[in-house]
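The values are calculated or read from the model by the stated rules, or taken from the named source; none is laboratory data. Computed from a predicted structure; not experimentally measured. Here the Cβ positions follow ideal geometry from the backbone for every residue, glycine too, while neighbour counts run over all protein chains shown. These accessible areas exclude ligands, DNA and RNA; they are computed on the full protein's heavy atoms, side chains included. Shrake-Rupley method; radii C 1.70, N 1.55, O 1.52, S 1.80 Å.
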Amino acid sequence: MPLAEDPEMEKRSSLSEDNNPIFQDIARFRAILFDSLLKPHDMTMSQGWVLVHLVRENGLRQSDLADRMDIATVTISKLIDRLEARGYVERRSDPDDRRSNRVYALAPAKEVVKIMTRTIFEVDELATRGIPEADLRTSLRVLRQMKENLRDAISRR
């Protein structure tokens, strides 16, 4: 069954393969691979990304961290709960706003970020194998524009 009556719309919606949306498949496969590579370190991709952001800029507000990761504040709070319980981060009251917390990466987080960095390179290498550099640059430019278009559409709602 065609996705749309209009042939041009059908062509544009061919961002799916075998009736599976290609973007969702890529994200899902990437997450599965990341999580399997991080499992021996008792870390998930989402938890690792929290630590990456904090090692880059320690002491972020929870809300700023959620914004940077494009996730809900309740989701970031749960991730931080898990990381805090395992000794990777700690929350401290924000001296400028007692209603919010700042999150700080502790020493063990730096080791996990080294593992995350190696894992990112490994997954990227697997994902881009056999793709010419020029094609990758074009693809990244197009995907960044698509991401921005979608982010703009969300912000206008």
Residues of region 26-58 satisfying the condition of being part of a helix (DSSP H, G or I), touching a helix residue (DSSP H, G or I) at 6+ places or on another chain (Cβ under 7 Å), open to solvent by 50 Å² or more (accessible area, probe 1.4 Å) and without any contact (Cβ under 8 Å) to a residue 60 or more places away in the chain:
D35, S46, V55
Those residues of region 105-156 which are under 30 Å from A85 (Cα atoms) and either touching a helix residue (DSSP H, G or I) at 6+ places or on another chain (Cβ under 7 Å) or among the basic types (K, R) (or both) amount to A105, A109, K110, V112, V113, K114, I115, M116, R118, T119, E122, V123
Keeping to region 106-125, report how many residues are surrounded by 12 or more Cβ atoms within 10 Å (Cβ to Cβ) and over 16 Å from T44 (Cα atoms).
2
Here are some conditions: (1) in contact (Cβ under 8 Å) with a residue 40 or more places away in the chain; (2) out of contact with any Ser or Thr (no Cβ under 8 Å at 6 or more places or on another chain). V74 meets all but one. Which one does it not meet?
(1)
If L83 meets every condition in (1) of a type outside the set (S, T, Y); (2) surrounded by 16 or more Cβ atoms within 10 Å (Cβ to Cβ); (3) not in a helix (DSSP H, G or I) apart from one, which number is that one?
(3)
Members of region 87-100 that are modelled with pLDDT under 95 and either assigned to a loop (DSSP other than H, G, I, E, B) or touching a helix residue (DSSP H, G or I) at 6+ places or on another chain (Cβ under 6 Å) (or both)
P95, D96
